[in-house]
Amino acid sequence: MKKYNRGTTVGGSIILLLLLASAFASSLVTMNPTASDLMNRLKPPNFSHILGTDHLGRDVFSRLVHATRLSVGVSVAALSVSIATGLSLGLVAGYFRGVIDSLLMAVINILLAFPGMILSLAIVGIAGTGLGNAVFAVCVVSWTGYARVVRGMTLSLKERDFVKAARISGSSDMKIIARHILPNLLTTVIVYAATNISSIAMQLAALSFLGLGAQPPAPEWGIMLNEAKGYISTAPWLILAPGSALVLMISAFNLFGEGLALCLNEGKRVGI
Amino acid sequence: MWKYAAKKTLGLVAILFGVSVLTFVLTAWIRGNPAEVVLGRAGVDPSRADVVMMEQRMGLDQSIVARYLDWARNLLRLDFGTSYTSGLPVIEEIKYRLPATLHLTAGAFVLMLVTAVPIAIFMVVKKDSWTEYSLNAVTFIVMGTPGFVLGMGLAWLISVRLRLLPMVGNKTPAHSVLPIITLALPMACRYIRLIRSNIIEVLDEDYIFLLRTRGLKERTILFSHALKNAFIPIVNLMGISLGSLLGGSIVVESIFSWPGLGNYLMISIGNRDYPVVLAYVLLMATVFVAINYLVDLFICFLDPRIPFTEGKGR
Amino acid sequence: MRKGNALLSIEGLTVAFDGAPQPSVDDVSLTIEEGRILGVVGESGCGKTSLARAVIGELPARGVIRRGSIHFAGRDLLSVSRKELKALQGVELGMITQEALSSLNPVRKIGSQFVQTLCEKMLVSRQEAERSAREFLEKMSCPEDILSRYPFQLSGGQRQRVLVAMAFALYPRLLLADEPTTALDSAVQMRVLKEMMALKTNCGASIMLISHNLGVIAQVCDEVAVMYRGRIVEYGEAKAVMTSPSHPYTRGLIGSIAYMDCDRNRKLYTIPECRDTIQRPGCIFYSRCEWCAEKCAHEPPPLRINDRGVLVACSR
């Protein structure tokens, strides 16, 4: 820990608040996020609906709060899957080299030849729309970063004296990976994850916005924006609420990630 | 240098081959039998015999390798198959819509360059002033704004409230202003921050200190020494950002009903028009890979050390 | 000290960095006369580099000059405008630094960097600048084609030679050479040093040679100042200081040089490790001194002149 960073604290607190909101969404808001009230369509913000109502008369505030569950939760899920895949494949390839390594690098290089958003769109477009496929598509795009970072570091850690010493003294490969290599990778992976999650969240939201991710009537910020698209001129508050929520979440992730990278002095290695 | 270029070219060919294989693999995820999809689109409930006949016509009864080779051979002749929806060759459909998308991405790229560099330099010159702090905050927030949020915000503010610019379509040059700004702005902000921190980092180098002790003007130091060095990592990233621009164009086209490839892709996904989706992915990956290949060569020209250090770090 | 025709005279200079508990240069007074070489010796972190940077007016952003004055050729360097300073830098006051690899722009050819500096500072045409660059590089025995090479294609010695040539090509009256040969191996070090001294005589410059290598200092310097923790502890004629050092720190430095012909059984002298990092009221060298007396702990030693005309900051 080189120095204290205000950005990390602020970003971290916002993320924590969002996580809390998603955990206690139903007790925070009493109104049903999917109950439509066709008598009260497209009402601007007022006392009973502080952020107004949408084209089906659903309460925007309630939808906004419930959406944290999908928007934040799904991003975290996609992040975890990407980390797990990238970390394990990168470790194995970097440590054992050989055919696995060449194969992994070939696959990564091919995947990196596709612009990320376009590859995930194509996967969802072909495999079919839906939240599960969207998460899968985003993971296909983002695990490569982890695999590359982890593989590179494993390669260099393997040459370090403490690993050589452990090998000479007869530790098994699994033990060396678990005791000596993995702990030395973790900081970098955490910093990389902290800087990567904003782009994962952004991609998932974009997929939902395009109608390929989470499906209506589920409350999700991307979907809310998609539904608001037709009402830009008549009901701009429908854009403002989920739009600000998205910007807040992504900026919080950025703030947290940048700050963490600065604190732990890992900026160079993860490329920011 | 030539050896390096040859190595890169070989890599390019290998990657393009890999790209075609992976795109082909994507077809494995198609839900249901493509022959049935095609027949079903014609509105008939296909009988077993019809499906088998269609499979033969589409070559689906051959082995996977034979199918790939057949498909790849057609690709080399720019034959991407025919669209299920329109029955026209996919390449014709793409050719028809490509200019609109190029207009958008090229415009955004140029706008990004001409705004990011001066603003970044301005921030370095104004370091530690309130101007810099506020620019810092603004660029940070815009950087974290997804294209569709920014686009809809701008559309509301500029088209609906201020009535300055038209919102939907691409009839006049004025129509392209909002989509281009929407596409360029978040990326430009990312670059402003990157270029700024790179320049500041380079200005901290020993040789900059030494140039100062030789009494060279700060302007000479910034423009003829620091900028070039600060730019090398940026140029590398620009090739990669082009991918984000291409991806972002889909969202922007969908907001502003811009009749380009992205919009066409979304319609085709909705219609389960797989040949179009595959052709689009393949085309974008090829463009992306080719641009990055050129960027690699260009960097080599900027930084003479590259051909000598490449490969040592791996 | 003789106060004849001092080119550079520093009086009571104190330089401090934000956040550092003690100043990195503390009440330092020095003079360099026209054509002379002053050696500044001391361990890493003793403030040698800060001293040089303060003289040339390019302290790092956190460094502040608290007290003192720097006069160069009759001008008060601390009160000249930024513009005047820029005009002095390079042409009147030159500087060479230690890290030769990072001291040259890595992505521009030697020739282009050299010529640009000459064109801007000497107001000459490109052709003239190139001719002059060639001449100086030849004097530093650099290969013919060095102008069209990049820094990463040169050896450490060549890079250092380029820096020396670049500095002298502007004909500075005073060259601040901060560890100019430290990164080189000793054979190259001596050759570069010799060529540098020849060039110095040629151009008639004075030099402030900063080094922690006493061998280098003993060979070329006219005067020596020994610095410890930002202060000058001994300052005088090089010969007098090197042959009969008076301050325990200088004695320790000289005693710890290993010679080929010295008695193998004799233990190499080592200065005791630094034990305290806080500033005490007394002598700054107190905690490491083997000859310290009781009063050294709380009474700072006065700067006095010993029998050989050397200034020493020691009470004993």
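Data for the structure
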quantity: Of the criteria (1) modelled with pLDDT under 80; (2) surrounded by 13 or more Cβ atoms within 10 Å (Cβ to Cβ); (3) in contact with a helix residue (DSSP H, G or I) (Cβ under 8 Å, 6 or more places away or on another chain); (4) not polar (S, T, N, Q), which one C:PRO272 fails; calculated: (2)
quantity: Boolean, C:ASP263 is at pLDDT 70 or above and open to solvent by 80 Å² or more (accessible area, probe 1.4 Å); calculated: no
quantity: Enumeration of residues in the range A:219-241 that are of a type in the set (Phe, Trp, Tyr) and crowded, with 22+ Cβ neighbours inside 10 Å; calculated: A:TRP221
quantity: Any hit, the range B:231-244, residues being within 13 Å of chain A (Cβ to nearest Cβ), in contact (Cβ under 8 Å) with a residue 40 or more places away in the chain, surrounded by 18 or more Cβ atoms within 10 Å (Cβ to Cβ) and in a loop (DSSP other than H, G, I, E, B); calculated: no
quantity: Residue within the range B:2-21 that is within 14 Å of another protein chain (Cβ to nearest Cβ), at pLDDT below 85 and either out of contact with any helix residue (DSSP H, G or I) (no Cβ under 8 Å at 6 or more places or on another chain) or farther than 30 Å from B:ILE299 by Cβ (or both) present; calculated: no
quantity: Residue check, A:LEU155 in contact with a Phe, Trp or Tyr (Cβ under 6 Å, 6 or more places away or on another chain) and aliphatic (A, V, I, L, M); calculated: no
quantity: Given (1) modelled with pLDDT under 90; (2) open to solvent by 10 Å² or more (accessible area, probe 1.4 Å); (3) over 25 Å from C:SER24 (Cα atoms), index of the condition C:ARG75 fails; calculated: (3)
quantity: Evaluation of A:SER244 against (1) more than 14 Å from chain B (Cβ to nearest Cβ); (2) closer than 24 Å to A:ASN32 by Cβ; (3) open to solvent by 30 Å² or more (accessible area, probe 1.4 Å); (4) of a type outside the set (Val, Ile, Thr) (one fails), failing number; calculated: (1)
quantity: Matching helices (runs of 4 or more DSSP H) fully within the range A:131-196 where at least 2 residues are under 16 Å from A:SER75 (Cα atoms); calculated: A:131-158
quantity: Failed criterion for A:PHE114 (all others in (1) under 20 Å from the mean Cα position of the chain (by Cα); (2) assigned to a helix (DSSP H, G or I); (3) at the interface with chain B (Cβ under 10 Å from one of its Cβ atoms) hold); calculated: (2)
quantity: Any hit, the range C:184-193, residues being within 25 Å of C:SER9 (Cβ to Cβ), open to solvent by 30 Å² or more (accessible area, probe 1.4 Å) and of a type in the set (Asp, Glu); calculated: no
quantity: Any chance A:LEU20 is open to solvent by 30 Å² or more (accessible area, probe 1.4 Å) and without any contact (Cβ under 8 Å) to a residue 12 or more places away in the chain; calculated: yes
quantity: Odd one out for B:MET53 among (1) at pLDDT 90 or above; (2) open to solvent by 40 Å² or more (accessible area, probe 1.4 Å); calculated: (1)
quantity: Matching residues, the range C:294-316, being exposed (fewer than 13 other Cβ atoms within 10 Å of the Cβ) and assigned to a loop (DSSP other than H, G, I, E, B); calculated: C:HIS298, C:PRO302, C:ASP307, C:GLY309
quantity: Helices (runs of 4 or more DSSP H) completely within the range B:36-147 that count 2 or more residues being within 24 Å of the chain's Cα centre (by Cα) and free of Cβ contacts under 8 Å to residues at least 24 places away in the same chain; calculated: B:90-125
quantity: Complete set of residues in the range B:149-181 that are assigned to a helix (DSSP H, G or I) and away from chain A (no Cβ under 13 Å); calculated: B:PRO173, B:ALA174, B:HIS175, B:SER176, B:VAL177, B:PRO179, B:ILE180, B:ILE181
quantity: Given (1) closer than 29 Å to C:PRO301 by Cβ; (2) surrounded by fewer than 21 Cβ atoms within 10 Å (Cβ to Cβ); (3) among the acidic types (Asp, Glu); (4) more than 14 Å from the chain's Cα centre (by Cα), index of the condition C:GLU234 fails; calculated: (2)
quantity: Set B:SER254, B:SER249: member being more than 7 Å from chain A (Cβ to nearest Cβ) and either crowded, with 21+ Cβ neighbours inside 10 Å or assigned to a helix (DSSP H, G or I) (or both); calculated: B:SER249
quantity: The range B:269-306: number of residues that are part of a helix (DSSP H, G or I) and either open to solvent by 20 Å² or more (accessible area, probe 1.4 Å) or more than 8 Å from chain A (Cβ to nearest Cβ) (or both); calculated: 22
quantity: Among (1) loosely packed, with under 15 Cβ neighbours inside 10 Å; (2) touching a helix residue (DSSP H, G or I) at 6+ places or on another chain (Cβ under 7 Å); (3) within 17 Å of A:LEU246 (Cα to Cα) - the single one A:ALA106 does not satisfy; calculated: (3)
quantity: Residues being more than 10 Å from every other protein chain (Cβ to nearest Cβ) and assigned to a helix (DSSP H, G or I) - total across the range B:202-220; calculated: 1
quantity: Residue within the range B:14-23 that is hydroxyl-bearing (Ser, Thr, Tyr) and within 30 Å of A:MET105 (Cβ to Cβ) present; calculated: yes
quantity: Residues being under 12 Å from the mean Cα position of the chain (by Cα), of a type outside the set (Val, Ile, Thr) and modelled with pLDDT of 85 or more - total across the range C:211-222; calculated: 2
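Matching residues to (1) touching a helix residue (DSSP H, G or I) at 6+ places or on another chain (Cβ under 7 Å); (2) surrounded by fewer than 20 Cβ atoms within 10 Å (Cβ to Cβ); (3) more than 9 Å from chain B (Cβ to nearest Cβ); (4) not β-branched (Val, Ile, Thr):
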| position | (1), (2), (3), (4) |
| --- | --- |
| C:GLN89 | yes, no, no, yes |
| C:MET95 | yes, no, no, yes |
| C:SER102 | yes, yes, no, yes |
| C:ASN105 | yes, no, no, yes |
| C:ARG108 | no, yes, no, yes |
| C:GLN113 | no, no, no, yes |
| C:MET140 | yes, no, yes, yes |
| C:ILE146 | yes, no, yes, no |
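The values are calculated or read from the model by the stated rules, or taken from the named source; none is laboratory data. Computed from a predicted model, the values in this text were never measured in an experiment. Every residue, glycine among them, receives a Cβ derived from its backbone with ideal geometry; neighbour counts consider all protein chains shown. To get the accessible areas, we keep the full protein, side chains included, count just its heavy atoms, and leave off ligands, DNA and RNA. Shrake-Rupley method; radii C 1.70, N 1.55, O 1.52, S 1.80 Å.
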